[in-house]
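Bear in mind these aren't lab numbers, they're just calculated from the coordinates by the rules spelled out. All values reported here derive from a predicted model rather than from experimental measurement. Don't worry about glycine lacking a Cβ; one is built from the backbone with ideal geometry, like all the others, and counts go over all protein chains shown.
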Amino acid sequence: MINYEEFSKVEIRVGKILSAEKIPDTDKLLKLSVDLGEVAPRQIVSGIALHFPDPQALVGKKTMFVANLEPRTIRGFESNGMIFAVSEGENFSLMELSADIPVGTKAK
């Protein structure tokens, strides 16, 4: 268990996926370019490729991202955040948001 103070350090923001591509020689990894309302898009590597045989299906989706994780290198690609996704067995879902929620909005 973590306390509220620890949880409040997690910065969760709305992001829009600008591009998505499979990382070569991997089954699970996608490289995403995400607009989080900053000067430049962020690169985020995510293990969701099995759920998106056509990564282009992700382009344009707005979902939630953890924006203040330390960068991590995965298979030679730097990842600067984490997408919110849930799965249970074969079921998988992203938390998609309505179009009127601005990119970069912080969760409260």
| query | For the chain, rounded, prolate or oblate, judged on the Cα gyration tensor with a ≥ b ≥ c (square roots of eigenvalues), a/c < 1.5 rounded, else prolate if a/b > b/c? | reply | rounded
| What is the magnitude of the charge dipole of the chain about its Cα centre, with +1 placed on the Cβ of each Lys and Arg, -1 on the Cβ of each Asp and Glu, and no other charges, expressed in debye to the nearest 20? | 200 debye
| Can you list the residues, at least 5 places off or on another chain, whose amide H is less than 5 Å from the amide H of Val10, using H built in the peptide plane? | none
| said: Taking θ = phi - 60°, what integer Hz values does the Karplus form 6.51 cos²θ - 1.76 cosθ + 1.60 yield along region 95-108, in sequence order, with x for Gly and Pro? | reply: 8, 8, 10, 5, 4, 7, 8, x, 4, x, 4, 8, 5, 10
| said: Which one, Asn3, Ala40, Ile17, is farthest towards the positive end of the dipole of the chain when Lys and Arg carry +1 and Asp and Glu -1 on their Cβ? | reply: Ala40
